[in-house]
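K.L.:
For reference, the structure I am asking about is given below.
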Amino acid sequence: SSKGKWEYRELFLQRHLRRAARVITGTVVGKNELISFYRLPKNRIAILPHPTPAFALKEYNVDKVNIMNKFGLNSGFLLYPAQFWAHKNHINILLALASLQKQGETVPDVAFVGSDKGNKEYVMKKAAELGITHKIHCLGFVSVEDLIGLYKSADALLYASFSGPENLPPLEAFALSCPVITSDFEGAREQMGECALYFDPHQPESLADAIK
C-alpha cells in the first residue's frame, strides 16, 4: 500500500478489466475472484494454467556435493526461493524449525533464495532469538544454473507463501524432480493436485509436521 501502489492497481484493474474482450486467469479460483471482485461476465474470462518456465524442462546433470559445498548446505536441506516480503511467510518457517528443535527432531538446513524487500533483517533477528541461525542460509539472488542445482539437490521445495496460486517455484520443482511442501492457500490444490504435501501457512506446527 506504500506510495499509493494499491490504489493505483485497483483503479487500473477496475478501469480496464471491464473493457477487455477477454480476461485470462490461471485457475477457477482466479476466475471466481474476478467475478466476485470486479463483476466480470463469466463468458469473458478464459482459464489458461500457468506454463512451467522453459529452463526447468531441460535435462541437467548436477553435482549435488559441489552445490552443497558451494553454499555451505548440509544434505537434506529444504529450498525456499522467495523475495523477503512479509507475505512470503519466512517467519513461520523459522517457528516450525524451532518447534522441531524443541521436540528433539532432526532440523534441516533451509536455503532462502531471493533479494531483500525490507523484511530480511527482521527474519534473521527472529532466527537468532529462536536459536536456529545456524540452520538458515540466505543465498541472495543466484544464477539460473545454481538455482537448478539447488532444486536438484534439495530434499524438498518448501513454499510457505500466504498467497497464490500463480507461483512459479512449485512448477519449477515438479519439472526438476524436487518434492514440494506447500501452503494450502486458495487455488493450491487446483494447481498441484495430489502432487504436493500441504500445510496451513498460519500454523507453524502444521509445517513442522509436513517437514517430518
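The values are calculated or read from the model by the stated rules, or taken from the named source; none is laboratory data. Computed from a predicted model, the values in this text were never measured in an experiment. Cβ: placed from backbone, ideal geometry, glycine included. Neighbour counts: every protein chain shown. Ligands, DNA and RNA are stripped out before the accessible areas are found, and what is left, the full protein with its side chains, is counted by its heavy atoms. Shrake-Rupley method; radii C 1.70, N 1.55, O 1.52, S 1.80 Å.
K.L.:
Being over 18 Å from F84 (Cα atoms), modelled with pLDDT of 95 or more and among the basic types (K, R) narrows it down to one of K135, K152, so name that one.
P.N.:
The unique qualifying residue is K152.
K.L.:
The conditions are (1) open to solvent by less than 60 Å² (accessible area, probe 1.4 Å); (2) hydrophobic (A, V, I, L, M, F, W, C); (3) closer than 24 Å to F55 by Cα; (4) not in a loop (DSSP other than H, G, I, E, B), and L207 fails exactly one of them. Which is it?
P.N.:
Only one criterion in (1) open to solvent by less than 60 Å² (accessible area, probe 1.4 Å); (2) hydrophobic (A, V, I, L, M, F, W, C); (3) closer than 24 Å to F55 by Cα; (4) not in a loop (DSSP other than H, G, I, E, B) is unmet by L207, namely (3).
K.L.:
Just for region 98-127: of the residues that are part of a loop (DSSP other than H, G, I, E, B) and of a type in the set (V, I, T), which one is farthest from M68 (Cα to Cα)?
P.N.:
T106
K.L.:
Could you list, in sequence order, the residues of region 157-175 that are under 21 Å from L147 (Cβ atoms), out of contact with any Leu (no Cβ under 9 Å at 6 or more places or on another chain) and in a loop (DSSP other than H, G, I, E, B)?
P.N.:
Once the filter is applied, which keeps residues that are under 21 Å from L147 (Cβ atoms), out of contact with any Leu (no Cβ under 9 Å at 6 or more places or on another chain) and in a loop (DSSP other than H, G, I, E, B), region 157-175 yields S161, G164, P165, E166, N167.
K.L.:
Does G26 fit the bill of being open to solvent by less than 60 Å² (accessible area, probe 1.4 Å) and in contact with a His (Cβ under 7 Å, 6 or more places away or on another chain)?
P.N.:
Taking the combined requirement at face value, the residue satisfies it.
K.L.:
Same structure again: Give me the pairs, please: first residue somewhere in region 42-59 and under 13 Å from F174 (Cα atoms) and in contact (Cβ under 8 Å) with a residue 40 or more places away in the chain, second residue anywhere and open to solvent by 50 Å² or more (accessible area, probe 1.4 Å) and not aliphatic (A, V, I, L, M), beta-carbon distance under 9 Å, and either six or more positions apart or on two chains.
P.N.:
T52/F174; A56/F174
K.L.:
Filter region 77-92 down to the residues that are on the phi < 0 side of the Ramachandran plot, part of a loop (DSSP other than H, G, I, E, B) and open to solvent by less than 20 Å² (accessible area, probe 1.4 Å) and list them by number.
P.N.:
The answer is F77, A82.
Condition check ((1) surrounded by fewer than 20 Cβ atoms within 10 Å (Cβ to Cβ); (2) in a helix (DSSP H, G or I); (3) not basic (K, R)) across all residues:
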{"position": "E129", "(1), (2), (3)": "yes, yes, yes"}
{"position": "H134", "(1), (2), (3)": "yes, yes, yes"}
{"position": "L139", "(1), (2), (3)": "yes, no, yes"}
{"position": "D146", "(1), (2), (3)": "yes, yes, yes"}
{"position": "K152", "(1), (2), (3)": "yes, yes, no"}
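For (1) exposed (fewer than 14 other Cβ atoms within 10 Å of the Cβ); (2) in a loop (DSSP other than H, G, I, E, B), each residue gets a yes or a no:
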site	(1), (2)
Y8	yes, no
A20	yes, yes
K31	no, no
H50	no, yes
F55	no, no
S75	yes, yes
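K.L.:
Could you list all residues from region 93-127 that are open to solvent by less than 60 Å² (accessible area, probe 1.4 Å) and of a type in the set (F, W, Y)?
P.N.:
Passing the criteria: only F112.
K.L.:
Let me ask you something else. Does G164 fit the bill of being in contact with a helix residue (DSSP H, G or I) (Cβ under 8 Å, 6 or more places away or on another chain), open to solvent by 10 Å² or more (accessible area, probe 1.4 Å) and not hydroxyl-bearing (S, T, Y)?
P.N.:
Judged against the criteria, G164 is a match.
K.L.:
Let me ask something additional. Give region 174-189 a look and list any residue that's without any contact (Cβ under 8 Å) to a residue 40 or more places away in the chain and either open to solvent by less than 10 Å² (accessible area, probe 1.4 Å) or not polar (S, T, N, Q) (or both), or say none.
P.N.:
Passing the criteria: P179, V180, T182, D184, F185, A188, R189.
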